[in-house]
1. Which pairs have Cβ atoms under 9 Å, sit 6 or more apart or on different chains, and link a residue in region 53-67 that is without any contact (Cβ under 8 Å) to a residue 24 or more places away in the chain and exposed (fewer than 12 other Cβ atoms within 10 Å of the Cβ) to one that is part of a helix (DSSP H, G or I) and among the polar types (S, T, N, Q)?
2. Within region 90-144, count every residue that is of a type in the set (S, T, N, Q), within 20 Å of LEU67 (Cβ to Cβ) and within 14 Å of the chain's Cα centre (by Cα).
3. Quick check: is even one residue across region 29-47 in contact with a Ser or Thr (Cβ under 6 Å, 6 or more places away or on another chain), under 26 Å from TRP137 (Cα atoms), touching a residue at least 60 places away in the same chain (Cβ under 8 Å) and not hydroxyl-bearing (Ser, Thr, Tyr)?
4. Going by the conditions given, is ASP16 among the charged types (D, E, K, R), touching an Asp or Glu at 6+ places or on another chain (Cβ under 8 Å) and at pLDDT below 90?
5. For region 24-47, which positions are assigned to a loop (DSSP other than H, G, I, E, B), touching a Phe, Trp or Tyr at 6+ places or on another chain (Cβ under 8 Å) and not aliphatic (A, V, I, L, M)?
6. Look at ALA123 and say whether it is over 25 Å from TRP137 (Cα atoms) and surrounded by 15 or more Cβ atoms within 10 Å (Cβ to Cβ).
7. Which of the residues spanning region 70-118 are in contact with a Leu (Cβ under 8 Å, 6 or more places away or on another chain) and closer than 30 Å to TRP137 by Cβ?
8. Tell me the residue from ALA71, ALA123 that is at pLDDT below 95 and aliphatic (A, V, I, L, M), please.
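The values are calculated or read from the model by the stated rules, or taken from the named source; none is laboratory data. What you are looking at is a predicted structure, and each value in this text was computed from that prediction instead of being measured. Cβ placement follows ideal geometry from the backbone for every residue including glycine, while neighbour counts extend to all protein chains displayed.
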Amino acid sequence: MQNPFGNGNNDDNNDDQNNLLPIPPNFATVVNKENGQIRIAKVGLSWTALWFSILVPVFRSDWYNFLCMTAIQLIVAMGLSMQMSEPLQLTWTFASYGLGILWLFIYNMMYFKHLFNLGFVPADQRSKELLINFKYWREPEDKQ
């Protein structure tokens, strides 16, 4: 298959099963060796988290981070509500916009870190190098 992203993955004769789909250069593939699940996600800034806030984990079926983000947003909204003496509906909107900037920077890292805790590992060398460069993945230390 011709790769439109220009990252050198045009080898149709490659036996590596991870190159079946062309993947943009800023996306990493992780696989769970136990059950064979594969996840592909962007590494770096999460612009969707800026615009859609706590809906992004719902789109990815990432319920753990959805609950974490919702709890943080609720705590901030309640704190703003008490501080500003405004209704919670108004302060929830303020908290959503304000925390959207935080989620822009950290959501993709949260997603990958949670996947690693579930037993996922980088599927190929390119993904591994990308995750190491962004400090999402650290090589396991050898036990001696």
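1. That search, which allows pairs on different chains as well, returns PHE59/THR48.
2. So the answer is 2.
3. No; the residues of region 29-47 include none that is in contact with a Ser or Thr (Cβ under 6 Å, 6 or more places away or on another chain), under 26 Å from TRP137 (Cα atoms), touching a residue at least 60 places away in the same chain (Cβ under 8 Å) and not hydroxyl-bearing (Ser, Thr, Tyr).
4. yes
5. Hits for region 24-47 are PRO24, PRO25, GLN37, GLY44, SER46.
6. It is false that ALA123 is over 25 Å from TRP137 (Cα atoms) and surrounded by 15 or more Cβ atoms within 10 Å (Cβ to Cβ).
7. If the condition is that a residue be in contact with a Leu (Cβ under 8 Å, 6 or more places away or on another chain) and closer than 30 Å to TRP137 by Cβ, then ILE72, GLN73, VAL76, GLY100, ILE101, TRP103, LEU104, PHE105, ASN108, PHE112 are the ones that fit.
8. On inspection, the qualifying residue turns out to be ALA123.
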